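The values are calculated or read from the model by the stated rules, or taken from the named source; none is laboratory data. Keep in mind that what you see is a predicted model, and the values were worked out from it rather than measured. No Cβ is skipped: glycine too gets one built from the backbone with ideal geometry, and neighbour counts run over all protein chains shown.
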Amino acid sequence: MTTTHERLTSQMRHPGRLAAIFLLVVGVLVGGAASPALAHTGEANRGSGHGYTTASYVALGDSFTAGQGAPPYLSGPCLRSQYSSYPSMVAAVSAYRLVANNACSGARLVDIPGQLVGVSAATNLVTVTVGGIDAGSNEVFAACAPDPASALCQAAVTLSTSKLAALAPQLAATYAGIAAAVPQARIVVLNYPRLFEPGLLPLADIVNAGTDGLNAAIQAAVVGLGDSRVTLVDVTQEFTNHGIGSRIPYINYVAATPLAPVNFHPNALGNALGYVGALVHDRVLRR
C-alpha cells in the first residue's frame with residue numbers, strides 16, 4: 001500500500017499542480033469569494049503559453065460529486081456547490097474544462113442515463129460517484145442513528161448487506177453505459193471515504209463497515225467490467241484521520257442540526273485534499 005510519504009513525493013513531481021491545489025485550499029480557508037478568482041486563474045493559464053492543452057470534462061453521480069457538503073449551492077434541487085465541488089476544483093487546477101456537473105443529491109444508478117442526456121460523445125473525461133443510496137445508506141442512517149443497538153438498526157444493516165451482494169453487476173452495467181455514451185472518454189469511478197474516525201461511537205463503526213462493503217462492490221464492478229477506459233480512484237487514504245471526530249475533519253457534521261444537508265458529506269477541504277488529491281496522485285489530471 002502506498003504510504004503518505006510516497007504520495008507526497010509523487011505529488012512533488014508535479015510542483016505546478018501541487019501549488020495550484022495549495023492556492024485552492026487557501027481560497028477555501030479564506031472564503032468562497034476567493035474560489036471564482038482561482039477558477040479564473042486556471043482558465044487563464046490554459047491560454048497563456050504555459051503548456052496547457054484543454055480537454056472537456058463532465059461530472060456525473062450523486063451528492064458527493066454535486067458537492068452537497070460545500071455550500072453555497074447553485075439554484076435548483078440538486079445541491080450542487082457553487083464553488084467547491086471537486087469537479088469545480090479539478091477545472092481550477094488542471095487542463096480540463098468542466099463542461100457540466102450533472103450530479104445531483106439523491107441520485108441513484110437509474111438516474112445516470114438521464115444525466116448523460118446532451119453530453120457530447122467527444123467528451124474526454126468523466127468522473128462519477130454513485131451507489132451509496134442504492135446500497136441503503138439512507139435507511140441505515142435513519143434506523144441506526146436513534147439506537148445503533150436496536151433491532152431496527154440491525155434489520156437495516158442486514159438489508160443493506162443483501163443489497164451490496166447484488167450491487168456490483170448493477171454498477172458495472174452503469175459504468176458500461178457511460179463508456180458507450182462517451183466513447184472517447186476516460187471514465188474515472190471514485191469511491192467513498194469512511195465518514196467517521198474509527199471507534200468514535202457504535203454508529204460510526206456500523207457506517208464505516210457499510211462504506212467498506214460499498215467500496216468493495218465498486219472495485220469488483222470496475223475490475224469485472226474489464227474496460228481499460230474505466231478506472232477506479234480510491235479516495236480512502238486521502239481521508240484517513242480526517243473523518244468526523246478528527247482534529248481536522250474533511251467530512252461535515254453539524255451536531256446541532258442533525259438533518260442539515262451538509263452533514264455526512266465532504267466539506268471544501270475534503271473535496272480539495274481528498275477527492276482532487278486522489279485524482280492528482282493517480283495521475284488522472286493532466287497538463
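Determine if the stretch 159-167 includes at least one residue that is crowded, with 16+ Cβ neighbours inside 10 Å, of a type in the set (S, T, N, Q) and assigned to a helix (DSSP H, G or I). Among the residues of the stretch 159-167, at least one is crowded, with 16+ Cβ neighbours inside 10 Å, of a type in the set (S, T, N, Q) and assigned to a helix (DSSP H, G or I), which makes the answer yes. Looking at the structure I just gave you, is Y175 crowded, with 22+ Cβ neighbours inside 10 Å, aromatic (F, W, Y) and assigned to a helix (DSSP H, G or I)? Judged against the criteria, Y175 is a match.
If a residue must be part of a loop (DSSP other than H, G, I, E, B) and within 19 Å of D147 (Cβ to Cβ), how many such residues does the stretch 191-206 contain?
Initially, the stretch 191-206 is screened for residues part of a loop (DSSP other than H, G, I, E, B), giving 191-195, 197-201.
Those left that are additionally within 19 Å of D147 (Cβ to Cβ): 195, 199-201.
The qualifying residues number 4.
Within the stretch 141-156, the residues that satisfy the criterion of being touching a helix residue (DSSP H, G or I) at 6+ places or on another chain (Cβ under 6 Å) and either buried (at least 20 other Cβ atoms within 10 Å of the Cβ) or assigned to a helix (DSSP H, G or I) (or both) are A143, C144, L152, C153, A156.
Looking across the stretch 254-274, just one residue is more than 23 Å from P87 (Cβ to Cβ) and either in a strand (DSSP E or B) or hydroxyl-bearing (S, T, Y) (or both), and that is T257. Counting only residues that are crowded, with 16+ Cβ neighbours inside 10 Å and either outside any helix (DSSP H, G or I) or in contact with a Gly (Cβ under 9 Å, 6 or more places away or on another chain) (or both), the stretch 216-232 holds 6 of them.
Checking N101, N138, N124 one by one, the residue that is under 30 Å from G277 (Cβ atoms) and either surrounded by fewer than 15 Cβ atoms within 10 Å (Cβ to Cβ) or at pLDDT below 95 (or both) is N138 and no other.
Inclusion of P87 among residues that are in contact (Cβ under 8 Å) with a residue 40 or more places away in the chain, surrounded by 18 or more Cβ atoms within 10 Å (Cβ to Cβ) and in a loop (DSSP other than H, G, I, E, B) is not warranted. Checking each residue in the stretch 233-251 for being of a type in the set (D, E) and either under 18 Å from Y175 (Cα atoms) or surrounded by fewer than 16 Cβ atoms within 10 Å (Cβ to Cβ) (or both) picks out only D234. Of the numbered conditions (1) surrounded by fewer than 24 Cβ atoms within 10 Å (Cβ to Cβ); (2) within 16 Å of A278 (Cβ to Cβ), V93 satisfies every one except a single condition; which is it? Going through the list (1) surrounded by fewer than 24 Cβ atoms within 10 Å (Cβ to Cβ); (2) within 16 Å of A278 (Cβ to Cβ), V93 breaks only (1).
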